[in-house]
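> Sharing a structure below in structure tokens format, with a few things to ask.
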Amino acid sequence: MPLMQNASTSSPPSAIPASHQPVTHWPAVLAAVMCGVAVAMNVGKVPVALSELRQEFQLSLVAAGWVSSMISALAVTCALLFGLLGDRMGPLRMCFLGLACSFGGGALALFAPGQAALLVSRFLEGAGLVAVAVSAPALLSAASHARDRRFALGIWSSYLPAGVALVMLAAPLLERAGGWRGLWLCAMLAILASGVWMWWQRAAYRQRPASPAAAIPAASIAAARDALARSMPWLLGFAMTSWTVQHYALIIWLPTFLQEQRGMDVQSAALLSAVMVLVNVPANLIGGLLLQRHVRRGTLIAAASVVTGLCGIGVFLDGLADLVRYGLCLLLSFSGGFVATSVLSASASLARTPNQIGTLQGLFMQLSNLGPFLGPPLIAMLVSASGLWRDALLVTGGAAIAGLVLGLLIRRQEGLSAQA
């Protein structure tokens with residue numbers, strides 16, 4: 001779960017606060033959001049096509065794991081670096097570069113002769129997603145009036161679940177029409193369309209020229225150091241980690257439970273899993289509205305963590321009817337959307353200068369990806385040792401408690417800031 005001149009000018013785009021916008025330019029806001037949704041489709045397309053990819057490319061389990069986790073590995077290791085680079089080169093250029101990398105990675109996969117080319121294509125897609133994720137929030141901020149900025153960034157926070165769920169829902173039809181290549185072509189068309197839309201809206205991202213000091217590398221480094229020296233960004237980032245640990249545990253458990261223990265076919269299990277991911281989106285929008293009405297981020301994070309922790313108990317402990325457990329999956333996913341909105345919309349508010357937005361967004365993305373990077377191996381280790389899914393509660397329950405504590409700390413800091 002991170003401003004601009006016309007792209008045709010020779011100097012790097014730069015930012016000013018969104019309050020300089022006379023009105024919110026909603027088509028430009030939605031164009032930036034759609035760029036995120038389009039590149040997020042690259043995350044959702046692989047799980048549903050992995051068996052077909054393994055068969056065609058003769059992928060070992062290790063190679064298949066890299067194809068599946070390449071984007072998360074890049075995000076957890078390089079997102080902050082991408083954020084710093086985006087602040088340096090300008091978010092509009094960074095976003096277009098990310099779209100180009102994502103499109104190029106998809107095209108390479110279509111003609112990949114073997115495993116190596118497929119892995120390179122996933123590397124390009126991963127780099128493209130991270131580049132868009134750290135730069136698009138600054139574009140939304142630039143196109144938004146101050147009174148609408150929190151809601152606009154709340155919309156942005158839905159980009160990942162929306163993109164993943166859309167491609168998962170479309171997968172049965174697309175795979176019948178063109179196999180895994182149908183999924184890749186769909187994602188490439190979405191990336192191309194979003195890029196064209198953003199190009200048409202580029203004037204809405206135009207901002208004042210950067211000050212001479214902003215062009216000096218030392219000044220950029222100092223701005224990044226200032227952004228990372230504060231505790232609030234780190235508290236928010238680790239709150240996002242606590243949520244993604246719980247979410248990815250659910251993403252792993254639900255398809256396995258439906259197929260292996262309830263005998264459901266792959267397509268039906270994928271559909272129910274996609275709906276579970278998709279319900280995260282309306283919570284992102286509601287969270288944005290609540291933030292716009294000045295509900296504190298810490299309050300949303302703490303309350304959501306309580307709900308997700310209780311839902312996790314009902315999901316992973318046997319005894320409840322399947323329909324009830326699935327309902328708890330939906331509620332857990334929905335509630336977590338308030339955490340994502342609270343964190344991913346904070347970069348523009350926390351940035352003391354517009355050149356810090358990408359740095360903060362990179363930090364949030366890097367810490368949020370600790371969830372899928374560390375959570376599943378821990379859960380797999382516990383469940384494999386006992387053979388019981390209820391042991392996953394040691395990880396998810398601990399994450400929920402951590403989220404509650406972090407939410408309360410964030411709320412306290414927000415209160416101190418308000419008094420100051």
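> On the basis of being within 17 Å of Pro161 (Cα to Cα) and in contact with a Pro (Cβ under 6 Å, 6 or more places away or on another chain), does Val277 make the cut?
Values: within 17 Å of Pro161 (Cα to Cα): yes; in contact with a Pro (Cβ under 6 Å, 6 or more places away or on another chain): yes.
Considered against the rule, which asks whether it is within 17 Å of Pro161 (Cα to Cα) and in contact with a Pro (Cβ under 6 Å, 6 or more places away or on another chain), Val277 comes out as yes.
> Leu320 is checked against (1) among the hydrophobic types (A, V, I, L, M, F, W, C); (2) in contact with a helix residue (DSSP H, G or I) (Cβ under 7 Å, 6 or more places away or on another chain); (3) within 25 Å of Val164 (Cα to Cα) and fails just one. What number does that condition carry?
(3)
> I would also like to ask the following. Out of all the residues in segment 184-200, is one or more closer than 28 Å to Gln356 by Cβ, among the hydroxyl-bearing types (Ser, Thr, Tyr), part of a helix (DSSP H, G or I) and modelled with pLDDT under 95?
no
> Return a yes/no flag: does segment 368-377 have any residue that is polar (S, T, N, Q) and over 13 Å from the mean Cα position of the chain (by Cα). Talk me through it step by step, then tell me what you get.
Going residue by residue through segment 368-377, those that are polar (S, T, N, Q) are 368-369.
Those left that are additionally over 13 Å from the mean Cα position of the chain (by Cα): none.
Checked segment 368-377: no residue is polar (S, T, N, Q) and over 13 Å from the mean Cα position of the chain (by Cα).
> OK, next. Which pairs turn up if I take residues in segment 46-61 that are within 19 Å of Phe123 (Cβ to Cβ) and look for partners that are among the aliphatic types (A, V, I, L, M) and assigned to a helix (DSSP H, G or I) with beta carbon separation below 7 Å, at least 6 apart in sequence or on another chain?
Val46/Val67; Ala49/Leu183; Leu50/Ala64; Leu53/Val67; Arg54/Ala64; Phe57/Leu118; Leu59/Leu53; Leu59/Val67
> Considering only residues that are modelled with pLDDT under 90 and touching a Cys at 6+ places or on another chain (Cβ under 8 Å), which ones fall in segment 238-291?
The answer is Leu250, Leu254.
> Could you look through segment 14-61, keep only residues that are assigned to a helix (DSSP H, G or I) and hydroxyl-bearing (Ser, Thr, Tyr), and pick out the one that is modelled with the lowest pLDDT? Lay out the reasoning, then the answer.
The initial filter retains those residues of segment 14-61 that are assigned to a helix (DSSP H, G or I), namely 18-20, 26-57, 61.
Subsequent filtering for residues that are hydroxyl-bearing (Ser, Thr, Tyr) retains 19, 51.
Numbers: Ser19: 45, Ser51: 81.
Once the filter is applied, the top-ranked residue is Ser19.
> Same structure, new question: Quick test for you: out of Leu108, Leu99, Leu84, Leu74, pick the one residue that is at pLDDT 95 or above, assigned to a helix (DSSP H, G or I) and farther than 17 Å from Cys35 by Cα.
Numbers: Leu99 fails: farther than 17 Å from Cys35 by Cα; Leu84 fails: at pLDDT 95 or above; Leu74 fails: at pLDDT 95 or above.
The match here is Leu108.
> Could you list all residues from segment 111-126 that are over 16 Å from Ala187 (Cα atoms) and not in a helix (DSSP H, G or I)?
Scanning segment 111-126 gives Ala112, Pro113, Gly114.
> Enumerate the helices (runs of 4 or more DSSP H) found wholly within segment 296-374, keeping only those where 1 or more residues are among the acidic types (Asp, Glu) and either out of contact with any His (no Cβ under 7 Å at 6 or more places or on another chain) or within 15 Å of Val279 (Cα to Cα) (or both).
Helices (runs of 4 or more DSSP H) meeting the threshold: 322-344.
> Also: Could you go through segment 280-298 and let me know if any residue there is closer than 22 Å to Asp391 by Cα and crowded, with 20+ Cβ neighbours inside 10 Å. Spell out the reasoning first.
So in segment 280-298, the residues closer than 22 Å to Asp391 by Cα come out as none.
Looking for residues that are closer than 22 Å to Asp391 by Cα and crowded, with 20+ Cβ neighbours inside 10 Å, one finds none in segment 280-298, hence no.
The values are calculated or read from the model by the stated rules, or taken from the named source; none is laboratory data. Given the structure is predicted, the values throughout are model-derived calculations rather than measurements. Glycine gets a Cβ as well: all are built from the backbone with ideal geometry, and neighbour counts include every protein chain shown.
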